[in-house]
Amino acid sequence: MLLISCTKDSIDDDAILSSYVLDRTIEKGAVIACAGSSENTSTVLVFQYPVNGAINTKLYETETINVDENDFSNYAKVAIEASPFFNGYLQQFDRNLDVEKWIIITHELNGEVKISNPIRTKQHSKVSKWTDAVEIDQQTSMMPNFTWEKNQFGDNAIYFQVISDAENNLLSGTYTIENTFQYYDTSNVVLNITTETPPILSIGAEYNFSLMDVSEDNWVNLFILNKKFIVE
């Protein structure tokens, strides 16, 4: 008779999300994450905001969408590394998926497991639209005001907008319910991931405006990525 013993270290106890969080302190909805389809392909781009001090970022996904997205036992870990987005201010995972799925991003912070809301991928049923259609009003010097079409897909929950410099360094990252944002007026901002006071924009310098139109199930309906403008 052959007896085999296994130590806890030899068991991949984070392979299933429900096992990973078993007997751990967790916080649901504590990871900012969303996903959309890449331009001209069905590749799923998953984005997450890595807060300072967060470690052990993991991506979990279901086999299909036909499961209970709130049941962590339906989520298996994917061995994947993130790439920097906006020079690392955000992180991006690229997933080539044949079928639509639910995705959850986790990381650990101060001994707790932080968990994103489930992301419903729609790379086949509702491909993300890519455009550069945004109105830029510069009547107020060095404080351009950006406006885009409101809720054109019918299920918008929130807008995420980024102002970045010519080297693609994020200067401000904000969320609004309204389809407008003025740099740097936070009166209509409902969530701000900008960690430092944004710099004053320089007249004559080139900057970029980016936008994600995000649905309630965290799918990006529309991307505006790096729309260039010159500050007046």
Next item on the list: Could you tell me whether ALA157 is open to solvent by 10 Å² or more (accessible area, probe 1.4 Å), of a type in the set (A, V, I, L, M, F, W, C) and under 19 Å from TYR49 (Cα atoms)?
Entry: yes
Next item on the list: Kindly indicate the residue of segment 182-204 that is in a loop (DSSP other than H, G, I, E, B) and aliphatic (A, V, I, L, M) and also nearest to TYR89 (Cα to Cα) among those meeting that condition.
Entry: ILE193
Check: Which of the residues that make up segment 149-184 are more than 20 Å from ILE230 (Cβ to Cβ) and among the charged types (D, E, K, R)?
Finding: GLU149, LYS150, ASP155, GLU178
Check: Restricting the first residue to segment 52-64 and requiring it to be in contact (Cβ under 8 Å) with a residue 12 or more places away in the chain and on the phi > 0 side of the Ramachandran plot, which pairs with a second residue that is open to solvent by less than 50 Å² (accessible area, probe 1.4 Å) and of a type in the set (A, V, I, L, M, F, W, C) meet a Cβ separation below 7 Å and a spacing of at least six or different chains?
Finding: GLY53/LEU109
Item checked: All strands (runs of 3 or more DSSP E) inside segment 82-145 with 3 or more residues being touching a helix residue (DSSP H, G or I) at 6+ places or on another chain (Cβ under 8 Å) -> 102-109
Check: Quick one: which of LEU59, LEU17, LEU45 is touching a helix residue (DSSP H, G or I) at 6+ places or on another chain (Cβ under 6 Å) and open to solvent by less than 30 Å² (accessible area, probe 1.4 Å)?
Finding: LEU17
Next item on the list: Please go through segment 20-31 and pick out each residue that is over 14 Å from LYS77 (Cβ atoms) and open to solvent by less than 50 Å² (accessible area, probe 1.4 Å).
Entry: GLY29, ALA30, VAL31
Note to self: Pull out all pairs, ordered by first then second residue, where Cβ-Cβ is under 6 Å, the residues are six or more apart or on different chains, the first lies in segment 140-158 and is modelled with pLDDT under 95 and aromatic (Phe, Trp, Tyr), and the second is in a loop (DSSP other than H, G, I, E, B) and surrounded by 15 or more Cβ atoms within 10 Å (Cβ to Cβ).
What the structure shows: none
Checklist line | segment 177-232: number of residues that are among the hydrophobic types (A, V, I, L, M, F, W, C), buried (at least 17 other Cβ atoms within 10 Å of the Cβ) and free of Cβ contacts under 8 Å to residues at least 40 places away in the same chain | finding: 2
Check: Within the bounds of segment 75-97, is there any residue that is among the polar types (S, T, N, Q), under 19 Å from the mean Cα position of the chain (by Cα), closer than 19 Å to LYS126 by Cβ and surrounded by fewer than 20 Cβ atoms within 10 Å (Cβ to Cβ)?
Finding: yes
Note to self: Quick check on LEU171: is it under 23 Å from CYS34 (Cα atoms), without any contact (Cβ under 8 Å) to a residue 40 or more places away in the chain and either under 16 Å from the mean Cα position of the chain (by Cα) or assigned to a strand (DSSP E or B) (or both)?
What the structure shows: yes
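The values are calculated or read from the model by the stated rules, or taken from the named source; none is laboratory data. Because the structure is a prediction, the values reported are computed rather than measured. Cβ: placed from backbone, ideal geometry, glycine included. Neighbour counts: every protein chain shown. In case anyone asks, the SASA skips ligands and DNA or RNA and just uses the protein heavy atoms, side chains included. Shrake-Rupley method; radii C 1.70, N 1.55, O 1.52, S 1.80 Å.
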